[in-house]
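The values are calculated or read from the model by the stated rules, or taken from the named source; none is laboratory data. Since we're looking at a predicted model, the values are computed, not measured. Cβ: placed from backbone, ideal geometry, glycine included. Neighbour counts: every protein chain shown.
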Amino acid sequence: EAAVTQSPRNKVAVTGGKVTLSCNQTNNHNNMYWYRQDTGHGLRLIHYSYGAGSTEKGDIPDGYKASRPSQENFSLILELATPSQTSVYFCASGDRGQNTLYFGAGTRLSVL
Amino acid sequence: QQKVQQSPESLIVPEGGMASLNCTSSDRNVDYFWWYRQHSGKSPKMLMSIFSNGEKEEGRFTVHLNKASLHTSLHIRDSQPSDSALYLCAASLSGSFNKLTFGAGTRLAVCP
């Protein structure tokens with residue numbers, strides 16, 4: 001089974017602080033995605049990448065940056081965290097031939 | 001506004017009963033639909049996908065797609081308590097196969 005690992009699993013941050021969420025995949029997939037999940041909104045796409053060195057804005061990119069330094073790693077960066085960014089964040093990977101996205105276990109972020 | 005609308009928001013069915021979940025896209029450029037299942041505290045996992053008009057059956061699960069109305073439905077027969085979960089509908093454009101837009105989900109509870 002495809003493997004996507006997120007770290008940390010839980011994070012408490014202070015308002016105005018910098019937060020980095022990490023994602024590693026061993027599937028050799030070209031595409032990687034960051035979603036956030038909030039009650040009533042389902043999963044919303046923040047940033048995505050088609051390969052090392054590329055990042056694209058998703059549907060809700062404001063307040064977030066992304067970095068894809070290698071095929072395996074994709075990070076989500078909150079430069080100035082705000083309480084509205086309290087959420088569960090999921091990383092996923094996939095390729096067209098796969099017909100599915102493989103999700104990590106999620107990171108629960110609380111910004112106080 | 002959510003481009004993928006799901007109904008109902010929540011559903012309770014007795015064990016052994018039939019559960020019917022609905023999903024409609026408001027984006028006419030959508031071409032592909034998926035259904036993901038997410039058990040409480042877990043990550044979403046792909047349940048079924050459908051890309052052509054008609055019906056597709058896998059065990060107790062059946063999905064229908066009407067491309068003209070951009071409506072898909074998921075039917076679970078002989079529902080089991082283990083089917084209790086959040087069911088997420090997702091859609092993508094033909095040129096962005098893995099870039100999914102999710103609905104807010106239907107929370108299904110199957111009562112013994």
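Couple of notes before you dig in:
- Subset of the stretch A:33-43 [facing chain B (nearest Cβ under 9 Å) and either of a type in the set (A, V, I, L, M, F, W, C) or touching a residue at least 12 places away in the same chain (Cβ under 8 Å) (or both)]: A:Tyr33, A:Tyr35, A:Gln37, A:Leu43
- Applying the criterion of being assigned to a loop (DSSP other than H, G, I, E, B) and more than 11 Å from chain B (Cβ to nearest Cβ) to the residues of the stretch A:44-61, the residue that is surrounded by the most Cβ atoms within 10 Å (Cβ to Cβ) is A:Thr55.
- Positions within the stretch A:79-112 being over 12 Å from the mean Cα position of the chain (by Cα) and not in a loop (DSSP other than H, G, I, E, B), in sequence order: A:Pro83, A:Ser84, A:Gln85, A:Gly94, A:Arg96, A:Gly97, A:Gln98, A:Tyr102, A:Ser110, A:Val111
- Condition met for B:Leu74 (in a strand (DSSP E or B), more than 27 Å from A:Tyr48 (Cα to Cα), in contact with a strand residue (DSSP E or B) (Cβ under 8 Å, 6 or more places away or on another chain) and at pLDDT 95 or above): yes
- Residues that are more than 24 Å from B:Gly105 (Cα to Cα), in contact with a Gly (Cβ under 8 Å, 6 or more places away or on another chain) and at pLDDT 95 or above are absent from the stretch A:36-53 altogether.
- Candidate set: the stretch B:60-112, residues that are more than 16 Å from B:Leu11 (Cβ to Cβ) and of a type in the set (Lys, Arg); chosen: the one surrounded by the fewest Cβ atoms within 10 Å (Cβ to Cβ): B:Lys67
- Residues within the stretch B:21-59 that are of a type in the set (S, T, N, Q), surrounded by 14 or more Cβ atoms within 10 Å (Cβ to Cβ) and in a loop (DSSP other than H, G, I, E, B), tallied: 1
- Residue within the stretch B:79-97 that is within 12 Å of another protein chain (Cβ to nearest Cβ), in contact with a helix residue (DSSP H, G or I) (Cβ under 8 Å, 6 or more places away or on another chain) and in a loop (DSSP other than H, G, I, E, B) present: yes
Per-residue answers, yes or no, for (1) at pLDDT 95 or above; (2) away from chain B (no Cβ under 13 Å):
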| site | (1), (2) |
| --- | --- |
| A:Leu21 | yes, yes |
| A:Asn31 | no, no |
| A:Asn73 | yes, yes |
| A:Ala81 | yes, yes |
| A:Phe103 | yes, no |
